[in-house]
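The values are calculated or read from the model by the stated rules, or taken from the named source; none is laboratory data. Values in this document were obtained by computation on a predicted structure and should not be read as measured data. Note that each Cβ is placed from the backbone with ideal geometry, even for glycine, and that neighbours are counted across all protein chains shown.
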Amino acid sequence: MKYSEITIRFCGIAGDGIVASGKILAGACANIGLHVMVNNIYSAEIRGLGKSSATIRFSTEKLYSMGDGLDLLVGMMSKESIIDLRDVKVGGNVIYDTSTIGDVAEEDSLASHITPEIQGHGLPIKKLANEATGTNQGKNLVAIGAICYFYSLPPEMFIDQIRSVFAHKEEHIIDINIKAFNLGYEYFRENYPLNNQFEIDKRSEPRALTSGNDAIAKGAIDCGLKFFAGYPITPATKIMEIAAKELPKLGGWTLQMEDEIAAIGAVLGAWFAGKRAMTATSGPGLSLMSEMINMSVMAEIPTIIVNVQRGGPSTGLPTKVEQGDLNIALYGGAGDSPRVVMAPTNSEECYSGIQLAFDIAEKYQTPVIFLSDLFLGQRTETVTIKENIDRNRCTRKKPTPEQLENFQRYQITDDGVSPLIVPGEPGAVYSTTGLEHSVTGNPNYEEDVHSMMTAKRFRKFESMVEDLPEADILGEETADIGIAGWGSTIGSILEGMEIAKKQGVKTKLIKSIMIHPQHEDSFRKFFASCKKIIVPEMNYQGQYAALLKSRYGIKPIEIHIPSVNPVSPLKIAQKIMETSSELSQ
Amino acid sequence: MSFLSKQTVLDEFKKAKESKTKEWRDNLPTWCPGCGHFTGLHGLYEAAERLNIPPKDFVVVSGIGCSGRFPFFIKGFGLHGLHGRAIPIATGIKVASPDLTVVVVGGDGDGVGIGGGHFPHAARSNFNLTYILLDNSIYGLTKGQISPTSPMGMKSGTSPYGNIARPLNPTTLALAYGATFVARTFSRERDMVSELITKAIQHKGFSFIHDLSPCVVFNKVVTYDSVNDASAMLPEGHDILDRSKAMTLAESTEPIYQGLFFREEVPSFDDHAKQVRDGLKD
Ligand SMILES: Cc1ncc(C[n+]2csc(CCOP(=O)(O)OP(=O)(O)O)c2C)c(N)n1
Ligand code: SF4
Ligand SMILES: [Mg+2]
């Protein structure tokens, strides 16, 4: 068989080097210029002996999602891998460990569950690892050696990668790992005739691998982040860990606070003091922050909250993905409480989008909620990050000398944005409050003041539209079927559209990193040009669909997937095909 | 004790607008005549004047409550925050801009009720903040409900049959949390309040003032007189470096000691952070 795209999963328990296997395979593929996406899954938050898996998809073409199904399942542990057999494609392959066959009961043996439509390949993983390293360590490299031969990939790409991964270790460690790799390679060469070929002619420059969480942290730091305050929560903690390591080197700081209320409070404080600051959390933390988000709205103190969504409600599904926090992001708060909501669709947008979030927050003195999700946040993928972003596109509105003379912190202006000064700057002082206030910031509850100030706070959302990117429209302009999506689901939608296209069905897609506010005209025009509109998303209620329905008056076909896994492109393609046949009836 | 009429209080404040602390005076306070919080405010004016803190570098962060209104009465930057959340907001300000003088003000409900989870962490981190807790053992702004420092048995709208829980003692809490400057004051003693607030602001690290500041409208149990009758200055020769002795004295309710219980000169958060950053330079 010839392949231009392969999906492999390593399955085992902590200590099997599952994550490391993913890293080595992904790193090796990225180094020779392939496109790669990696998704790690942990069964529980506790390490213990819990199951873990790493799925690696690599291709000569750009990847948008994890696709559907596995070409190869590598069962490092027999029992734990059985359930993953259902994800193997028809005609796909399984590698199982022959050296443990006698140790497990028949019903726990991976080999005995392999059905006729998939092919099993035995490999004495544990035995060869012990031969190479004297311990069970190196099991993953035995498997990678076998994979290398199996798909006739060039061995040097792995040898180089092993050297760089273990660069900080002694030479002898590198040697035994390479030996493990070679033993796996040789075993397959001797036992299985070569009949698979990964087409690798499209080699190009090495590509960088990053996760959504990495990209958000890097983007924020590159645009002047000076202060981070947070409280650990899966799947957002990585962002805080990067900030904790990097900010002190740049004269900044990261505080681990006592809870999320304190975290967002400290972030508000830092912005009040004129520094770029942010926090990152997930559903339970975002819920705790809602009063402080309202404070940010009322006092017009900028703030940035990254919310890496996980399954909910409540403590929910900490290690599973869902797009269930759109409603709380948009509406979670008392009173008329406008806020910017953004949702990046891939790692590139995590990087550039968080920078836009900072600029918008600073210029328009508003909270920005940046909605990533567990899948986007944790998966690693090859990306091309755009680093040359205009640093001066949006800046803080400072008072003129006349305005400073008789400083009105909440001066009424056409665009709704009032001049802002920060402590330590000479010329004027002011007090702010979460109470309704007059132009000076003094508490005031009069009817006309409240309506004037509310209108001012909303007016900013009209003026900011000019600084926002237009929606992206992809696919075939003339298509009758239009799809609207958001966040990481976009990747699956794009691949679903591709599958449908191969079946002769044309579609188009509208997507925007801006959920609120949006360039509404482009959405209106797009919807007007569609006969059918499909809105797929990973939640039960159809939260984005509800927003689009109320905003644009459309009646879409909704696909609600309260998913624990990234959306399957096939599922999207099926809906497209169904819709297409309804249209032609 | 008899109280001054509202007019007299306002006249006094208007006159004071011409005093040496006028540079730090802003809107006239809106509290009830005789409210203990006037003394805390006066103390903060005096401290700002004595230490000559430029208003542009002076930030007062408050929670919500009668006590929370401080920022509007002081010329400087002010942030009237959320109920119970002044400490984390102030922390963000101070860590982001260490050259500012940041003072946190709040009530007993604010500080050891709703916001009670923040106080320990600011204290143990030794952030360079001054925290003034104005304790009237009542929820003043919401018109008289029991607070975490109300005595057992106290009746109020929400405790019609008497308070069942035991009161917290903010001074002992601060000592237990590791605050590096802990004092208790009483709002009848203006000079003591001004003096200790000044010292607290000068202290490098987390300084805490537990100001007994009676509510003359809603608290009929904890009053100027009841506090006055139980008051005593800390014994002569009390060793302010002895945390456990300070704890024993702070626990006493008969008498209720006032003065500087504890002070320790150890590196503040700012010193530690600077050390880390300097270490990363090479
Ligand atoms: C989250 C929240 N809950 C409740 C309130 C209502 N509230 C305002 S002030 C206050 C209590 C104030 O008591 P204290 O902190 O002791 O201050 P004091 O008024 O006595 O100075 C309460 C419960 C609020 N503002 N916010
Ligand atoms: S209600 Fe009590 S605490 Fe509030 S201002 Fe009046 S006297 Fe002071
Ligand atoms: Mg009180």
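Any residue at all in the stretch B:73-93 that is out of contact with any helix residue (DSSP H, G or I) (no Cβ under 8 Å at 6 or more places or on another chain) and touching a residue at least 12 places away in the same chain (Cβ under 8 Å)? No, because not a single residue in the stretch B:73-93 is out of contact with any helix residue (DSSP H, G or I) (no Cβ under 8 Å at 6 or more places or on another chain) and touching a residue at least 12 places away in the same chain (Cβ under 8 Å). Residues in the stretch A:351-372 that are of a type in the set (Phe, Trp, Tyr) and assigned to a helix (DSSP H, G or I): A:TYR351, A:PHE358, A:TYR364. Only a single criterion out of (1) more than 16 Å from ligand 3 (Cβ to nearest atom); (2) in contact (Cβ under 8 Å) with a residue 12 or more places away in the chain is not satisfied by B:GLY109, namely (1). Among the candidates A:ILE56, A:ILE114, the residue that is crowded, with 22+ Cβ neighbours inside 10 Å and either in contact (Cβ under 8 Å) with a residue 60 or more places away in the chain or not small (Gly, Ala, Ser) (or both) is uniquely A:ILE56. Checked against the criterion of being out of contact with any Leu (no Cβ under 9 Å at 6 or more places or on another chain) and under 16 Å from A:ASP16 (Cα atoms), the candidates A:ASN177, A:ASN136 yield just one match: A:ASN136.
Sub-9 Å Cβ pairs linking a first residue in the stretch A:233-260 that is facing chain B (nearest Cβ under 7 Å) to a second residue that is of a type in the set (Ser, Thr, Tyr) and buried (at least 18 other Cβ atoms within 10 Å of the Cβ), at least 6 apart or interchain, are A:PRO248/A:THR254; A:LEU255/B:THR91; A:LEU255/B:SER125; A:MET257/A:TYR231; A:MET257/A:THR279; A:MET257/B:THR91; A:GLU258/A:TYR231; A:ASP259/A:TYR231, ordered by first then second residue.
Taking the conditions exactly as written (part of a helix (DSSP H, G or I), more than 11 Å from chain B (Cβ to nearest Cβ), surrounded by fewer than 24 Cβ atoms within 10 Å (Cβ to Cβ) and modelled with pLDDT of 95 or more), does A:ASN327 satisfy them or not? Criteria met by A:ASN327.
The residues in the stretch B:136-170 that are away from ligand 3 (no atom under 14 Å from the Cβ) and aliphatic (A, V, I, L, M) can be counted, and the count is 3. So is A:VAL267 touching a residue at least 40 places away in the same chain (Cβ under 8 Å), touching a strand residue (DSSP E or B) at 6+ places or on another chain (Cβ under 9 Å), within 30 Å of B:LYS281 (Cβ to Cβ) and facing chain B (nearest Cβ under 8 Å) or not? Answer is yes for this residue. When you check A:LEU73 against the structure, is it part of a strand (DSSP E or B), within 27 Å of A:ILE572 (Cβ to Cβ) and in contact with a Ser or Thr (Cβ under 8 Å, 6 or more places away or on another chain), yes or no? The answer is yes for A:LEU73.
Taking the numbered list (1) farther than 30 Å from A:PRO248 by Cβ; (2) away from ligand 2 (no atom under 16 Å from the Cβ); (3) assigned to a loop (DSSP other than H, G, I, E, B) in turn, B:ARG188 passes all entries but (2). Restricting the stretch B:80-114 to residues that are in a helix (DSSP H, G or I) and at the interface with another protein chain (Cβ under 7 Å from one of its Cβ atoms), the residue that is nearest to the chain's Cα centre (by Cα) is B:ALA90. Take the residues in the stretch B:215-243 that are of a type in the set (D, E, K, R) and without any contact (Cβ under 8 Å) to a residue 24 or more places away in the chain; name whichever of them is surrounded by the fewest Cβ atoms within 10 Å (Cβ to Cβ). If we take residues in the stretch B:215-243 being of a type in the set (D, E, K, R) and without any contact (Cβ under 8 Å) to a residue 24 or more places away in the chain, then B:GLU236 is surrounded by the fewest Cβ atoms within 10 Å (Cβ to Cβ). A single member of B:SER125, B:SER62, B:SER67 is of a type in the set (Ser, Thr, Tyr), within 16 Å of ligand 3 (Cβ to nearest atom), more than 25 Å from B:SER226 (Cβ to Cβ) and touching a residue at least 24 places away in the same chain (Cβ under 8 Å), and it is B:SER62. For the residues B:ALA174, B:ALA246, the requirement of being touching a residue at least 24 places away in the same chain (Cβ under 8 Å) and under 17 Å from the mean Cα position of the chain (by Cα) singles out B:ALA174. Looking across the stretch B:37-94 at every residue that is of a type in the set (Ser, Thr, Tyr) and over 23 Å from A:MET295 (Cβ atoms), the one that is farthest from ligand 2 (Cβ to nearest atom) is identified as B:TYR45.
In the set B:ASP57, B:ASP99, only one residue is in contact with a Pro (Cβ under 8 Å, 6 or more places away or on another chain) and either at pLDDT 95 or above or closer than 24 Å to A:GLY441 by Cα (or both); that residue is B:ASP57. Scanning the stretch B:121-157 for residues that are within 14 Å of another protein chain (Cβ to nearest Cβ), more than 12 Å from ligand 1 (Cβ to nearest atom) and of a type in the set (A, V, I, L, M, F, W, C) yields B:ALA122, B:ALA123, B:PHE127, B:LEU129.
Just one of the numbered conditions (1) away from ligand 2 (no atom under 16 Å from the Cβ); (2) surrounded by 17 or more Cβ atoms within 10 Å (Cβ to Cβ) is not true of B:SER150: (1). Annotation: of all residues in the stretch B:20-47 being touching a strand residue (DSSP E or B) at 6+ places or on another chain (Cβ under 8 Å) and more than 16 Å from ligand 1 (Cβ to nearest atom), the one that is nearest to the other protein chains (Cβ to nearest Cβ) is B:ASP26. Of all residues in the stretch B:35-59, those satisfying the criterion of being part of a helix (DSSP H, G or I) and within 16 Å of ligand 3 (Cβ to nearest atom) are B:HIS37, B:PHE38, B:THR39, B:GLY40, B:LEU41.
Against the numbered list (1) among the charged types (D, E, K, R); (2) surrounded by fewer than 21 Cβ atoms within 10 Å (Cβ to Cβ); (3) within 16 Å of ligand 2 (Cβ to nearest atom), B:LYS155 comes up short only at (3). In this structure, B:ASN169 does not satisfy being touching a residue at least 40 places away in the same chain (Cβ under 8 Å), under 16 Å from the mean Cα position of the chain (by Cα), within 14 Å of chain A (Cβ to nearest Cβ) and more than 9 Å from ligand 1 (Cβ to nearest atom).
The rows are residues; the columns are (1) within 14 Å of chain A (Cβ to nearest Cβ); (2) touching a strand residue (DSSP E or B) at 6+ places or on another chain (Cβ under 9 Å); (3) not in a strand (DSSP E or B).
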{"position": "B:HIS210", "(1), (2), (3)": "no, yes, no"}
{"position": "B:LYS220", "(1), (2), (3)": "no, no, yes"}
{"position": "B:SER244", "(1), (2), (3)": "no, no, yes"}
{"position": "B:LEU249", "(1), (2), (3)": "no, yes, yes"}
